[in-house]
Amino acid sequence: MESVLETKAATILQFIRGLRGNLLVTFEEGTWAAWLYDLLKPYVTQVTVCNPRKNALLKSGNKGDRIDAQKLAELLRHGSLASVYHGEKGFRTLKELSRSYLTLSKDSTRVMNRLKALYHSWGIACSGTRVYAPRHRAEWLSKISEAGVRRRAEFTYQQLDGLQGLRQAVRRDLLAESRKQTATKLLRQIPGIGPIRAALLVALLQTPDRFRTKRQLWAYSGLAIETHASGEYRYVDGRLRRSQKAVALRGLNKNHNHDLKSIFKSTSVRASSAAGPLREFYESLLAKGMKPSMARLTLARKIAAITLIVWKKGVRFDGEQLKPQAA
């Protein structure tokens, strides 16, 4: 059976209610995915929002709405779809506020970089953060001799003020909403994780039960090491033996949640510079001859593992969690 439906809730639900049996629905992650997931979940047996990056079958041959739908249905029957996690409605407000906060933070950074680039383009050195301060703006604007460029800088300052004001308003709402989640109190025990990072972690992860082991969290956070190997076995004197050839390392995995990786890496930088057990762990890595960049990466992986332990088990942070077996 094939049907073309209008993208309206009433039309879709009317069609679904007219079908019998156990209904399994799939569609690719995209703009409509969250809305469709919440709409269909109460009425069907299973909803799978699949990852379009891993649907290799869709990339081969001709492409069209009908062809893609047939291929998705085939992959669903085979159980070959990689699903994208969609959380419960209880986290929707926190998730949307976190998205707003992260977006405004990135937009503010872009405007600040754009402002410095404007000064640099006219040969004006502007290192540091003084160039952004409202009380010093007249001084900095007076250094621009061209009237049109000065006016452009004034508009950029106004844009920055608007973004920073919105960011502070969203920050207040984000913190107020995060206090409703008990997990934020647990995560704030970890050195380097403050109220904002705890709120963002809860919004991005929603539940620790998504990850059976720390390695799954590392992969989702972009902290997993990607390895390539081939010819792992060979016959020696008629017996099958594993090759002793070293596995080739290809850096960290690229398919990950960039915001989550930024949180763990920034927490690592913060914890490595502040007194506490995490800094002692970082310094012990340096004492073993590890490069500072690798030591911070190892610390970020350790913080991610501790986050999973503290959140999943509901325990307090303990320095004993920094032992190798807890890594």
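For the pair ILE196 and SER142, what calculated FRET efficiency results from E = 1/(1 + (r/R0)^6), where r is the Cβ-Cβ distance and R0 = 45 Å, to the nearest 0.05? Working shown, then result.
Working: r = 36 Å, r/R0 = 0.80.
E between SER142 and ILE196, to the nearest 0.05, is 0.80.
Would you rank THR109, THR213 by solvent-accessible area, highest first, keeping every protein chain in place and using a 1.4 Å probe?
From most exposed to least exposed: THR109, THR213.
5 Å is the cut-off here: which amide hydrogens, built 1.01 Å from N in the peptide plane, fall below it relative to THR48, excluding neighbours closer than 5 in sequence?
Residues meeting the amide H criterion: VAL25, THR26, PHE27.
How much accessible area per residue does the chain have, counting only protein heavy atoms and a probe of 1.4 Å, in square angstrom?
Details: 20250 Å² over 327 residues.
Accessible surface, normalised per residue, equals 62 Å².
Once both labels are modelled 7 Å past Cα along the beta-carbon direction, what's the GLU320-ARG212 spacing in nm?
2.7
Taking the Cβ-Cβ separation of TYR233 and GLN46 as r and a Förster radius of 45 Å, what is the calculated FRET efficiency to the nearest 0.05? Walk me through the numbers on the way to the answer.
Working: r = 38 Å, r/R0 = 0.85.
After rounding to 0.05, the efficiency reads 0.70.
Multiply the residue gap between ARG53 and VAL149 by 0.36 nm, knock off their C-alpha separation, and tell me the result in nm, one decimal place.
Details: separation 96, 0.36 × 96 = 34.56 nm, distance 4.33 nm.
That works out to 30.2 nm of additional length.
At a 1.4 Å probe, what is the % contribution of carbon and sulfur to the accessible area of the chain?
Working: 10360 of 20250 Å².
Carbon plus sulfur share of accessible area: 51 percent.
Using Cα positions and a limit of under 21 Å, work out the lysines in reach of LYS180, with same-chain residues fewer than 8 apart set aside.
Within the straight-line limit of under 21 Å, LYS180 reaches these lysines: LYS89, LYS95, LYS312, LYS313.
Would you please name the GluC sites (Glu not before Pro) within the stretch 68-167 that are DSSP coil residues with at most 10 other C-beta atoms within 10 Å of their C-beta?
On the way: sites: GLU74, GLU88, GLU96, GLU139, GLU146, GLU154; in loops: GLU88, GLU146.
Of the GluC sites (Glu not before Pro), the ones in loops of the stretch 68-167 whose Cβ has at most 10 other Cβ atoms within 10 Å are GLU88, GLU146.
For a quick check of your reading of the filter: which chymotrypsin sites (Phe, Trp or Tyr not before Pro) in the stretch 251-287 sit in a DSSP loop and have no more than 13 other Cβ atoms within 10 Å? Intermediate values should be presented prior to the final figure.
Working: sites: PHE264, PHE281, TYR282; in loops: none.
Sparse-neighbourhood loop chymotrypsin sites (Phe, Trp or Tyr not before Pro): none present.
In the stretch 83-145, which trypsin sites (Lys or Arg not before Pro) fall in coil by DSSP and have 16 or fewer other Cβ atoms within 10 Å? Numbers along the way, then the final one.
Details: sites: LYS89, ARG92, LYS95, ARG99, LYS106, ARG110, ARG114, LYS116, ARG130, ARG135, ARG137, LYS143; in loops: LYS143.
Within the stretch 83-145, the qualifying trypsin sites (Lys or Arg not before Pro) (loop, at most 16 other Cβ atoms within 10 Å) are LYS143.
Only helices at least 30 Å long along their own axis, judged from Cα atoms, and with Kyte-Doolittle mean hydropathy of -0.5 or greater: name those in the chain from DSSP H. List each step's numbers first, then the result.
Details: long enough: 92-121 (43 Å, -0.71); 147-178 (46 Å, -0.68); 292-313 (31 Å, 0.58).
Helices passing the filter in the chain: 292-313.
For LYS288 and LEU76, what does the FRET efficiency come to when R0 = 51 Å and r is the distance between their Cβ atoms, rounded to the nearest 0.05?
Values: r = 49 Å, r/R0 = 0.96.
With R0 = 51 Å, the Cβ-Cβ based efficiency is 0.55.
Starting from the 7 Å offset along Cα-to-Cβ, what nm value, one decimal, do you get for the label separation of SER127 and TRP32?
5.3
Can you tell me the relative contact order of the stretch 89-166? Whole percent, Cα pairs under 8 Å, sequence separation 6 or more.
On the way: 31 pairs, mean separation 30.5, N = 78.
Value for the stretch 89-166: 39 percent.
Give the percent of DSSP beta bridges with both residues in the chain that are antiparallel, rounded to the nearest 5.
60
Per residue, how big is the convex hull around the C-alpha atoms of the chain? Give it to me in cubic angstrom, could you? The partial results should precede the final answer.
Details: hull volume 85.7 nm³, N = 327.
Spread over its residues, the Cα hull of the chain gives 262 Å³ apiece.
List the residues whose amide H sits under 5 Å from the amide H of LEU252, counting only those 5 or more places along or on another chain, with H placed 1.01 Å from N in the peptide plane.
Residues meeting the criterion, in which the H sits 1.01 Å from N, are GLU226.
So which lysines pass the test for LYS143, namely a Cα distance under 27 Å, with those fewer than 8 places away in the same chain ruled out?
LYS116
The values are calculated or read from the model by the stated rules, or taken from the named source; none is laboratory data. Keep in mind that this is a model prediction, so the values were computed, not measured. No Cβ is skipped: glycine too gets one built from the backbone with ideal geometry, and neighbour counts run over all protein chains shown. Protein only, heavy atoms only, side chains kept; ligands, DNA and RNA dropped before computing areas. Shrake-Rupley method; radii C 1.70, N 1.55, O 1.52, S 1.80 Å.
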